[in-house]
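The values are calculated or read from the model by the stated rules, or taken from the named source; none is laboratory data. All values reported here derive from a predicted model rather than from experimental measurement. In this analysis, Cβ positions are derived from the backbone assuming ideal geometry, glycine residues included, and neighbour counts consider all displayed protein chains. Keep in mind that these areas ignore ligands, DNA and RNA; they rest on the heavy atoms of the full protein, side chains included. Shrake-Rupley method; radii C 1.70, N 1.55, O 1.52, S 1.80 Å.
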Amino acid sequence: MKNNKLTVQITKPVTDVFAFCITPPKAKLWVPNIVDEKTSEWPVKIGTVYTEYKDDKTSFNIIVTDYKENDYIEWKTEDGNYHVRYTFTPINQNTTQLEYVESGDVDKPFTQEILEKLKQVIEN
């Protein structure tokens, strides 16, 4: 099992960063190879399925396994071999620290550059 942990500070309130990260189809704006994203229901809750569509015409599902608004969200793949957790910590009223942790079958782990792209998209 591999683990990958990254953090980034984003100059936006925690409510804005959290909302952006859980609202489809925002992932396509910052995650490489993702061209679309949908959820099985809205608003998001434990058990919500996100379907991620990749640029190679394949897709995969991730399921919300834990969730606390403006605090954290966790997803895992249907087979349980990949897990990711976003933790949102307010630094002050206008700055949020996002901690990204992925574990399991991590073939192409997220990089700091990917989180910097997220920061750029949210801040602009």
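Hey, could you check the range 104-124 for residues that are modelled with pLDDT under 95 and surrounded by 13 or more Cβ atoms within 10 Å (Cβ to Cβ) and say which is nearest to TRP30 (Cα to Cα)?
So the residue we want is PHE110.
Could you grab me the full set of residues in the range 47-58 that are within 23 Å of LYS2 (Cα to Cα) and open to solvent by 60 Å² or more (accessible area, probe 1.4 Å)?
LYS54
Those residues that are of a type in the set (S, T, N, Q), within 25 Å of SER40 (Cα to Cα) and at pLDDT 95 or above, I need them from the range 78-102; list them, please.
THR87
Out of VAL84, VAL44, which single residue is assigned to a loop (DSSP other than H, G, I, E, B), open to solvent by less than 40 Å² (accessible area, probe 1.4 Å) and not basic (Lys, Arg)?
Exactly one of VAL84, VAL44 is assigned to a loop (DSSP other than H, G, I, E, B), open to solvent by less than 40 Å² (accessible area, probe 1.4 Å) and not basic (Lys, Arg), namely VAL44.
Looking only at residues in the range 18-38 that are part of a strand (DSSP E or B) and open to solvent by 40 Å² or more (accessible area, probe 1.4 Å), which one is nearest to GLU113 (Cα to Cα)? Reasoning before the result, please.
Of all residues in the range 18-38, those part of a strand (DSSP E or B) come to 34-38.
Then drop every residue that is not open to solvent by 40 Å² or more (accessible area, probe 1.4 Å), which leaves 35-36, 38.
Numbers: VAL35: 18, ASP36: 20, LYS38: 24 Å.
Only one residue tops the list, namely VAL35.
Looking for something surrounded by fewer than 16 Cβ atoms within 10 Å (Cβ to Cβ), within 21 Å of ASP105 (Cα to Cα) and more than 15 Å from the chain's Cα centre (by Cα) - is there at least one such residue anywhere in the range 9-17?
No: zero hits.
Condition first: farther than 17 Å from ILE34 by Cα and either touching a residue at least 40 places away in the same chain (Cβ under 8 Å) or of a type in the set (S, T, N, Q) (or both). Now tell me which residues in the range 54-70 satisfy that. Reasoning before the result, please.
As a first pass, look at the range 54-70 and keep what is farther than 17 Å from ILE34 by Cα: 64-70.
THR65, GLU69, ASN70, listed by residue number.
I'd like the residue in the range 59-81 that is among the acidic types (Asp, Glu) and in a strand (DSSP E or B) and, out of all such residues, is surrounded by the fewest Cβ atoms within 10 Å (Cβ to Cβ).
ASP66
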